[in-house]
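Below you'll find the structure, written out as structure tokens, and then a few comments.
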Amino acid sequence: MRTIRLFNTLGREVQDLVPLVPGRIGFYGCGPTVYNYAHIGNLRPYVLHDTLARTLTLLGYDVTHVMNITDVGHLAGDVDTGEDKMVKTAQERGKSVYEIAEFYTAAFFKDTGRMNIRRPTVVCKATEHVGEMVALIKRIEANGFTYSAGGNLYFDVTRFPGYGELALLKLEDLKARARVDMDPNKKNPADFALWFTKSKFENQAMVWDSPWGRGYPGWHIECSAMSMKYLGEQFDIHAGGIDHVPIHHTNEIAQSEAATGHKWVNYWMHNEFLVMDKGKMSKSSGSFLTLQTLVDAGYEPLDYRYFLLGAHYRSQLQFSYEGLDSARASRKALGERILAIKEKAALESHANKLRGTMAAPSGSEPRSSQAQKWLDAFLDDLATDLSTPRALADLWGLLKDPALSPAEALAVACEMDLALGLGLSEIEKTVAPVADAGLAALADGLVAERALAKKAKDFSRADAIRLELKGKGIVLEDGAGGTTWKLA
Ligand code: AMP
Ligand code: ZN
């Protein structure tokens, strides 16, 4: 099984991915906060997570991919400041928090589905796992990492020696972090809430009983509790946007390892941001582009997937309509190439049948060394920190390689697409089928006539036949066993 190498934020280097259990990967990717539509920047991590899961699966790993849905507890500021994002939207719209969550969760899966993002193995909602969160907080408390203040329960970061390692943060610097807007109950600015009982909202709809009083969980605890529930107390990969490094993931590590007393996650993957001309695209500012905005402007969702795959996930990506136009043009050319190859493959298999020879190779037969070379290059590039731009170049190289039969190129392209998710195997021609049987019969007839002409030393007729067939896209190959034809 090929080893995949990934850039691990924990340690800041590309490392071999060594699974905890050989052949199996447990992978958790932070999911959406469902208080609004996902903007196109939010979709970048989900394309990455999907591509990672697809690639690992293609390489032969048994992948369990878990994604949470944040429907409680995420305040506008990641450091426990501002309003609860869900509650705020519910109040503005005059709906219940559950109605808001349901609506935007459905919208999220509609968008991800349109982008060929496969549904993770487990999708779990925060509101359905409050029991697991309470149980985990109890363990953190029992191990001495918490304090109560103002009715809330906080994690004391000074009790956790490795705090900030992921983000290369020093506790001393964190202590000096601005105290502006800081929750006055906190001893240190970096401390974070595990459980709130004192809500800023009088009519907080979502409250649960707990040993610390009726209230609701802090945002970070959900990812620790749900990932451990579905993947165990130690697992392989945790992913999310780069913005999660200094706070959300730093706090997830602290509370998880404080609860269990051992290492939690081995590899941390973070995607860089999609940026706009005017800077950061933000969901809470309300000014953002959604997938539907792109669709309304005439693009297909997979044009945007192609656009994202064209950049490495660790590079910032500037969104522009010009960039999207070129992704669309490339995807269109790709579709046309696949169609042309499909037609040629169909034609050749038909011609082979007419001639009574073996069918052209398909995916189930041994690959030629040239086809294997392209597939190896493709897998190596994905296995090198998921280089999707190089993988796309390999796909193009394969499709343009004249040494491959159409059927074989098609089979390998479809195999590559298991990782890329561009829907290549579903591309069907929309034009009427070409008269392939007629062409094959004509070629067979003219090849036979040419053999007779050559025997009679009528070389000008033989040459004329070669030219005639060339004009129809058929080339002749003279060999020891006679002449054969193939599509150019
Ligand atoms: P949210 O739904 O706000 O919790 O964010 C969902 C995911 O989108 C998180 O993993 C964020 O890190 C990520 N994210 C937010 N903005 C961007 C952006 N502009 N580009 C890429 N990822 C982003
Ligand atoms: Zn998370």
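The values are calculated or read from the model by the stated rules, or taken from the named source; none is laboratory data. Just so it is clear, the model here is predicted, and its values are computed rather than measured. Virtual Cβ from ideal backbone geometry, glycine too; neighbours counted across all protein chains shown. Surface areas here come from the heavy atoms of the whole protein model, side chains and all, with no ligands, DNA or RNA. Shrake-Rupley method; radii C 1.70, N 1.55, O 1.52, S 1.80 Å.
For the chain, the longest principal axis of the Cα atoms and the long axis of helix 321-355 meet at an angle of about 40 degrees. Which of the three applies to the chain, rounded, prolate or oblate, going by the alpha-carbon gyration tensor with a ≥ b ≥ c and a/c under 1.5 meaning rounded? It is prolate, given that a/c is not under 1.5 and a/b is the larger ratio. Ligands, DNA and RNA left out, the accessible area of segment 293-421 computed with a 1.4 Å probe is 56% carbon and sulfur. Straight-line cross-link reach from Lys332 at under 17 Å between alpha-carbon atoms covers these lysines, not counting any fewer than eight positions away in the same chain: Lys342, Lys400, Lys429. Relative to the dominant Cα principal axis of the chain, helix 43-58 is inclined by about 60°.
Let me make sure I get this right: for segment 5-271, a, b and c are the square roots of the gyration tensor eigenvalues over alpha carbons, sorted descending. Under 1.5 in a/c it's rounded, otherwise prolate if a/b > b/c, else oblate. Which is it? Cα axes put segment 5-271 in the oblate bin.
Rounded to the nearest 10 degrees, the inclination of helix 221-231 to the longest alpha-carbon principal axis of the chain is 50 degrees.
The relative contact order of segment 437-487, computed from alpha carbon pairs under 8 Å that lie at least 6 residues apart in sequence, is 30 percent.
Taking a ≥ b ≥ c as the square roots of the eigenvalues of the Cα gyration tensor, segment 321-426 is oblate, since a/c reaches 1.5 or more and a/b is not larger than b/c.
Scanning the chain for GluC sites (Glu not before Pro) lying in DSSP loops with no more than 12 further Cβ atoms inside 10 Å, the longest uninterrupted stretch between such sites is 203-427. In the chain, Cα pairs under 8 Å separated by at least six residues give a relative contact order of 16 percent. Heavy-atom accessible area for Cys223, with the other protein chains in place and a 1.4 Å probe, reaches approximately 0 Å². Label-to-label distance, Glu99 versus Arg390, with points set 7 angstrom from Cα along the beta-carbon direction: 5.2 nm.
Once C-alpha pairs closer than 8 Å and six or more residues apart are averaged by separation and normalised to the residue number of segment 5-271, the relative contact order reads 25 percent. Note on the chain: helix-only mean residue ellipticity at 222 nm, from DSSP H runs of 4+ residues weighted -39500 (n - 2.57) and normalised by residue number, equals -14000 deg cm²/dmol.
Taking the 1.4 Å solvent-accessible surface of segment 1-108 as the whole, the part contributed by carbon and sulfur is 51%. Between Val14 and Val123, the simple label model (points 7 Å from Cα in the Cβ direction) yields a spacing of 3.4 nm. Here the extension length gained between Asp444 and Ala297 equals 48.0 nm, from 0.36 nm per residue of separation less the Cα-Cα distance. With the whole protein complex present, Arg5 retains an accessible surface near 100 Å², based on a 1.4 Å probe. Note on Lys186: lysines with a C-alpha under 25 Å away, same-chain residues under 8 apart excluded, are Lys85, Lys88, Lys138, Lys170, Lys175, Lys198, Lys200.
The residues of the chain present an accessible area of 44 Å² per residue when probed at 1.4 Å with all protein chains retained.
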